[in-house]
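The block underneath contains the structure these notes are about, expressed in structure tokens.
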Amino acid sequence: MTTQSAETDDRGRRCVLRARGLSKVYRAGEVEVHALRGVDLSLYAGELIVLLGASGSGKSTLLNILGGLDTPSSGKVFFLERDITALDDAELTQYRREHVGFVFQFYNLIPSLTALENVALVTEIASDPMPPEEALQLVGLGERMHHFPAQLSGGEQQRVAIARAIAKRPSLLLCDEPTGALDSPTGVLVLEAIERIHEELGTTTALITHNSAIASMADRVLTMRDGLIHQESRNLKRRRARELSW
């Protein structure tokens, strides 16, 4: 039997995550909402993709299923050769803990803990973590690690959240509107942190946004509409995050 990890892209990079026929239907009484309508998607080792689309297009639902936070109504997701849609709750928790780092629009930091302590919470349960100090240095917050969230700007708090996500050395970094609550200059600083993590650690990164200006920093851009991937394009040359504005 052919394993899912045997697939490669045109650069010879192996397929890390493969989704086929993903559908998701939410029901509220007699009303059905089709968030995903048969999505096929492959993510390859070390690439950075942007999922672009308006609110309600299915981006977050797709990311949550890929990350093991939600399950599809139908379809399958393979992480390497493992079918994660067949996992039970305990196995999904292990998958998220060992392989996936999440960054959301809202930072979800614990107010009573310093930046260092917020990151250390994750390293305590990871199997092969980097030192939390190193993670904060990677996102440019080495001098702010002993500050509490209330003492940090919005952009700095988001960078703490990124440090927390990558401190466990995840195979996948999944970012859901990481700049959605930030102005352009602050958002660029956050994107620079994600860019640096992607390049230095080689983490496969998927970033979802409604902001088309961000798409030019990706290897591939997948545009979603009405629960489907409507268009796929490649950037022959990626723009640096510092070159972006909106």
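Things to note:
- The criterion of at least 3 residues that are under 15 Å from ALA161 (Cα atoms) and of a type outside the set (Gly, Ala, Ser) is met by the following helices (runs of 4 or more DSSP H) wholly inside segment 55-145: 115-123, 132-138.
- Residue ID - surrounded by the most Cβ atoms within 10 Å (Cβ to Cβ), chosen from residues in segment 30-52 that are farther than 18 Å from THR204 by Cα and touching a strand residue (DSSP E or B) at 6+ places or on another chain (Cβ under 6 Å): LEU36
- Test: ILE229 is among the hydrophobic types (A, V, I, L, M, F, W, C), touching a strand residue (DSSP E or B) at 6+ places or on another chain (Cβ under 6 Å) and over 22 Å from THR61 (Cβ atoms): no
- Test: residue in segment 181-204 that is in a strand (DSSP E or B), under 15 Å from the mean Cα position of the chain (by Cα) and either at pLDDT 95 or above or crowded, with 17+ Cβ neighbours inside 10 Å (or both): yes
- Qualifying residue in segment 124-145 (condition: over 21 Å from the mean Cα position of the chain (by Cα) and of a type in the set (Lys, Arg)): yes
- Within segment 72-84, being touching a strand residue (DSSP E or B) at 6+ places or on another chain (Cβ under 9 Å) and either closer than 19 Å to TYR44 by Cβ or at pLDDT below 95 (or both) holds for LYS76, VAL77, PHE78, PHE79, LEU80, ASP83, ILE84.
- Of the residues LEU63, LEU41, LEU52, LEU36, the single one that is within 12 Å of the chain's Cα centre (by Cα) and closer than 24 Å to GLN105 by Cα is LEU63.
- Among the residues of segment 213-245, those identified as exposed (fewer than 12 other Cβ atoms within 10 Å of the Cβ) and either farther than 17 Å from SER42 by Cβ or touching a Cys at 6+ places or on another chain (Cβ under 7 Å) (or both) are LEU236, LYS237, GLU243, SER245.
So that you can scan it fast, the table gives a plain yes or no per residue for (1) within 25 Å of LEU43 (Cβ to Cβ); (2) out of contact with any Ser or Thr (no Cβ under 8 Å at 6 or more places or on another chain); (3) crowded, with 23+ Cβ neighbours inside 10 Å:
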{"position": "SER112", "(1), (2), (3)": "no, yes, no"}
{"position": "LEU121", "(1), (2), (3)": "no, yes, no"}
{"position": "ASP128", "(1), (2), (3)": "yes, yes, no"}
{"position": "PRO131", "(1), (2), (3)": "no, no, no"}
{"position": "LEU136", "(1), (2), (3)": "no, yes, yes"}
{"position": "THR179", "(1), (2), (3)": "yes, no, yes"}
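- Pair list, Cβ < 8 Å and 6+ apart or interchain, from segment 7-32 residues that are assigned to a loop (DSSP other than H, G, I, E, B) to residues that are of a type in the set (Asp, Glu): ASP9/GLU47; ARG13/GLU47
- The single condition among (1) farther than 30 Å from SER212 by Cβ; (2) exposed (fewer than 13 other Cβ atoms within 10 Å of the Cβ); (3) of a type in the set (Ser, Thr, Tyr) that TYR95 does not satisfy is (2).
- Where a residue in segment 225-246 is touching a residue at least 12 places away in the same chain (Cβ under 8 Å) and among the hydrophobic types (A, V, I, L, M, F, W, C) and its partner, wherever it lies, is in a helix (DSSP H, G or I) and loosely packed, with under 14 Cβ neighbours inside 10 Å, with Cβ under 7 Å and at least six apart: TRP246/SER184
The values are calculated or read from the model by the stated rules, or taken from the named source; none is laboratory data. Since the model is a prediction, treat every value here as computed from it, not as a measurement. Heads up, the Cβs are rebuilt from the backbone with ideal geometry, glycines too, and the neighbour counts pull from every protein chain shown.
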